[in-house]
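Trainee: Here it is, the structure in full.
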Amino acid sequence: MKRIGVLTSGGDAPGMNAAIRAVVRKAIYHDIEVYGIYQGYQGLISGHIEKLELGSVGDIIHRGGTMLQSARCEEFKTLEGQKKGIEQLNKFGIEGLVVIGGDGSFMGAQKLTEHGFPTIGVPGTIDNDISGTDYTIGFDTALNTVINAIDKIRDTATSHERTYVVEVMGRDAGDLALWSGLADGAETILVPEVDYNMEDVVNRLKRGAERGKKHSIIIVAEGVGSGVDIGRDIEEKTSFETRVTVLGHIQRGGSPTASDRVLASRLGAKAVELLLSGEEGKMVGIEKNALVSHDISDALSRGHSIDEEMYRLSQELSI
Ligand code: F6P
């Protein structure tokens, strides 16, 4: 293999730049040329592709977003779109591809492999919802962003003796909610993986108030439903003054944490190693701090589950 491509796809995540840098530098270290594909699968179809040099990825390791830009591309879900993408790869003489993104991006990578084009997936998403890796690139940074926000909300919640509902991202996964709730001592954490009962939420709040608690923080994962609706419901059922904050896309930005930069560097380099050793249709990941690889198809079919021990702990500590 003499020339590979790299793209970022789906929702951007802090640390994607560090992963791109690792792919480019590791490949060039092994005398392999690297082409950057811009705007994810969209740019693959349209041929928005440029050669990257060592200097192309200088000064990006600490930046959020992705220098290659990203997109959600409906056309690439079709056979026709996939064929157009492979034509472009062939036109540029690219022999292997690294795809950095979440599960939607991995589905694209799987399709390319099925069509005979060697592709390796690097998990990059703030949602931490990819099976086959303990952490995805961007999760740690987003988690810290959420925690900083909740710390600030806690200040005003105490001053005004209010109940606060904070809605966090995560799509169908509750990791951001669970981890931030545990890290911030939230009174209640609602995640899509565990059914909740509004009566329990209300009783817990009332019990807290009886013990003299003046304010409460409730973290709602977006996959559970609208934080605004849940906040309204809580106010009606408790008559506690309630405010709702939807953190939104602030969670996707910012300079990656040290942990995300290191993870991205390790996973990006490992993806190149796999391509060079003739692997395809694999994803790289980290399990118990060791680099691993799995078939993308297995990772996609297993799906994501919440850490039950951590969920139980969050319940026990927030009595
Ligand atoms: O997958 C990352 C993510 O930020 C999810 O947490 C969220 O549900 C989604 O992307 C939002 O997507 P968009 O930026 O396309 O609105």
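Trainee: Peptides 299-306, 168-175, 258-265, 212-219: what's the order by average Cβ count within 10 Å, highest mean first?
Mentor: Going by the mean number of other Cβ atoms within 10 Å, highest first, we get 168-175, 258-265, 212-219, 299-306.
Trainee: If you don't mind, there's one more thing I want to ask. For the chain, what is the accessible area per residue in Å² when the probe is 1.4 Å?
Mentor: Here the per-residue accessible area is 43 Å².
Trainee: Over 29 Å between C-alpha atoms is what I'm after, so list which of K213/K288; K51/K288; K83/K282; K152/K288; K26/K288; K152/K270 land there.
Mentor: K213/K288; K51/K288; K152/K288; K152/K270
Trainee: Now for a separate question. Give the distance, in whole Å, between the Cα centre of the range 36-51 and the Cα centre of the range 175-230.
Mentor: 42
Trainee: Go ahead and run the numbers for FRET between S56 and T158, Cβ-Cβ distance against an R0 of 45 Å, rounding to 0.05.
Mentor: With R0 = 45 Å, the Cβ-Cβ based efficiency is 0.40.
Trainee: Separate question: Normalising by the residue count of the chain, find the relative contact order in percent from Cα pairs under 8 Å and 6+ residues apart.
Mentor: 24
Trainee: Hey, what angle do you get for helix 227-238 against the long axis of the chain, alpha-carbon based, 0 to 90 degrees rounded to 10?
Mentor: Tilt relative to the chain: about 10 degrees.
Trainee: Pop the C-beta distance of V194 and E114 into the FRET formula with R0 = 51 Å and round what comes out to the nearest 0.05.
Mentor: Efficiency for this residue pair is about 0.90.
Trainee: Follow-up. For the range 60-161, what are Rg and Dmax over the alpha carbons, in angstrom?
Mentor: Gyration radius and largest Cα-Cα distance of the range 60-161: 18.7, 63 Å.
Trainee: Would you compute, from DSSP H runs of 4+ residues alone, the mean residue ellipticity of the chain at 222 nm, taking -39500 (n - 2.57) per run and dividing by the full residue count, rounded to the nearest 500?
Mentor: Calculated mean residue ellipticity at 222 nm is -13500 deg cm²/dmol.
Trainee: Nearest 10 degrees is fine. How inclined is helix 308-317 to the longest principal axis of the chain, computing both from alpha carbons?
Mentor: The two axes meet at around 30 degrees.
Trainee: Would you mind putting 287-296, 114-123 in packing order, based on average other-beta-carbon counts within 10 Å, highest first?
Mentor: Final packing ranking: 114-123, 287-296.
Trainee: Here is a further query. Report the FRET efficiency, 1/(1 + (r/R0)^6), for R3 and D134, where r is their Cβ-Cβ distance and R0 is 35 Å, rounded to 0.05.
Mentor: 0.65
The values are calculated or read from the model by the stated rules, or taken from the named source; none is laboratory data. Just so it is clear, the structure is predicted and the values come from calculations on it, not from any experiment. Glycine gets a Cβ as well: all are built from the backbone with ideal geometry, and neighbour counts include every protein chain shown. When the accessible area is computed, the model is the full protein with side chains, heavy atoms only, and any ligands, DNA or RNA have been set aside. Shrake-Rupley method; radii C 1.70, N 1.55, O 1.52, S 1.80 Å.
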